[in-house]
Amino acid sequence: HSSAARCMLYDEIMWKVIQKDGADHLDIMTAVSGKRKQLKLTGPFCYANKKKRGDVQLILDRDKKRLEVHRAIKAAVHDLHKSKKKKVGMDKGLATLLSCSSGHEYGFNFSQLVNAEAERINRRNTNRNKYIQAAKELRHELSALQAKLAIKHSAKTERRLRNRIGSLERRISRLEERHLGSKLYHRQHARKQCNMERIMNMSIRKMLLTEKPDVLVKEDLSFTKENLPKAANRYEAKVRRKLSSWSKGTLDDRIEYLCDCLGIRTVDVNPAYTSQFCPNCGARFSERKGTHHELTVCPNCGEMNANTAAAVNILRRADDKNITLYTPYKKVEKILEDRYANKQSVMA
Ligand SMILES: [Zn+2]
């Protein structure tokens, strides 16, 4: 660097913060290979231990006679007037994207979008089938001719065979180009996916801004199962499974990302049996109702919204000492059943 320079940019591998003589020092590379320079940090803040290090900028302030270390950090915005931490439990689904322990739900009928896309892909593939079949027949004919050509023939027969093969090859490539191409398909699918992502984003944002949680409690997604609506055929079922797992992954990513941006902490809890026991009395639900199983029946409390009931259970699980993220599935069931039995015997 030159003496006239006022600022220098340091890449994340070019700097680190070290402890020396009980104080933080900025350790930086110099223009001389292998030689590093250490500068004592005198400011009140040190963000060196944040996970993502990123670049720093060293700025020389000639008036104040000091060297400043500038660095962009992601900071959570906290409302200082709010003393109590607000925890919100949340259940994720496909029929309704987000259901909160407050009783509010966001992103209704999301599954309609997923279903429409699954049906569209299915329809498209049904239409394609006749072209696939035609191409297959042509290829079959082609390989038969090629086998024939391998044997020795008269010049005339050979010419005739070659002409026929050439015409077949042209027909196949035309079919592939015009009817079996995937360019349009990928473009259309990307557009639909983009639309679904937009709706997810909107729902999450709306939820976070309405509920205003400090801590968001959600299920650890990796083990959850989803009741998918009945598909017309095996192929459509496969498409639906694929789409719904894509939706789940994207939904989870977006939640994490948006919470991170807004400074909301997320807590993952054990998902086992969150939708099977009543949050009020602890009894096991007797049946599920509704087109998307959105209603559930408790033998003591009656009918209630299954999703928001699950959200309340998820919220409670954050403070549950006995059910941790790693408690096995069957053991969770036993704990919940025992709790209800104990409660009953106390009441008796
Ligand atoms: Zn109940």
Q: Could you list the trypsin sites (Lys or Arg not before Pro) in the stretch 301-348 that lie in coil according to DSSP, counting only those with at most 13 other Cβ atoms within 10 Å of their Cβ?
A: K321
Q) Taking the Cα-to-Cβ direction at R128 and at A116 and moving 7 Å from each Cα, how far apart do the two end points lie in nm? A) 2.2
Q) If you place +1 on the Cβ of every Lys and Arg and -1 on the Cβ of every Asp and Glu, how big does the dipole about the Cα centre of the stretch 238-348 come out, in debye to the nearest 20? A) 400
**Q.** Unit charges on C-beta of K, R, D, E only; dipole of the stretch 130-181, Debye
**A.** 240
**Q.** Accessible surface of the chain, 1.4 Å probe, proportion on carbon and sulfur as whole %
**A.** 52
Q: For V267, list long-range residues whose amide hydrogen, built 1.01 Å from N in the peptide plane, is under 5 Å from its own amide hydrogen.
A: L216, V217, K218
Q: Report the relative contact order of the stretch 130-181, percent, no decimals, based on alpha-carbon pairs under 8 angstrom and at least 6 residues apart.
A: 58
Q: Quickly work out the H179-to-K64 label distance, labels modelled 7 Å from Cα along the C-beta direction, and quote it in nm with one decimal.
A: 7.3
**Q.** the stretch 112-266: C-alpha gyration tensor shape, a/c 1.5 cut-off, then a/b vs b/c
**A.** prolate
Q.
With a 1.4 Å probe and all protein chains kept in place, how do H140, H179 rank by accessible area, largest first?
A. H140, H179
Q | Global form of the stretch 7-70, assessed from the alpha-carbon gyration tensor, a/c cut-off 1.5 | A | rounded
Q) Does the stretch 130-181 classify as rounded, prolate or oblate by the C-alpha gyration tensor (a ≥ b ≥ c root eigenvalues; a/c under 1.5 gives rounded; else a/b over b/c gives prolate, otherwise oblate)? A) prolate
Q: Would you mind getting the accessible area per residue of the chain, heavy atoms of the protein chains only, 1.4 Å probe, in Å²?
A: 66
Q.
Cut-off 10 angstrom, C-alpha nodes, Gaussian network model of the chain. Which of A31, A150, A237 fluctuates the most?
A. A31
Q. So, counting K/R as plus one and D/E as minus one, what does the shell of residues with Cβ under 14 Å around L145 add up to?
A. +4
Q: Show me 258-266, 115-123 ranked by packing, highest mean number of other Cβ atoms within 10 Å first.
A: 115-123, 258-266
Q) How far, in nm, would the chain grow between K136 and A237 when pulled straight, counting 0.36 nm per residue and subtracting the alpha carbon separation? A) 33.8 nm
Q.
Just to be sure I understand: of the beta bridges DSSP finds with both ends in the chain, what percent are antiparallel, rounded to 5?
A. 80
Q. So how much slack lies between F45 and E303, counting 0.36 nm per residue of separation and subtracting their Cα-Cα distance, in nm?
A. 87.5 nm
Q | Distance between modelled label sites at I13 and R265, nm, 7 Å Cα→Cβ extension | A | 3.5
**Q.** Radius 11 Å from Cβ of T30, net charge of other residues (Lys, Arg +1; Asp, Glu -1)
**A.** +2
Q: Work out how much length R6 to E256 would gain on full extension: take 0.36 nm times their residue separation and subtract the Cα-Cα distance, in nm to one decimal.
A: 86.1 nm
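The values are calculated or read from the model by the stated rules, or taken from the named source; none is laboratory data. Remember, it's a predicted structure, so these values are computed and weren't measured experimentally. As a convention, Cβ positions derive from the backbone with ideal geometry for all residues, glycine included, and neighbour counts pool all protein chains shown. Just so you know, the surface numbers come from the protein's heavy atoms only, side chains and all, with ligands and any DNA or RNA stripped out. Shrake-Rupley method; radii C 1.70, N 1.55, O 1.52, S 1.80 Å.
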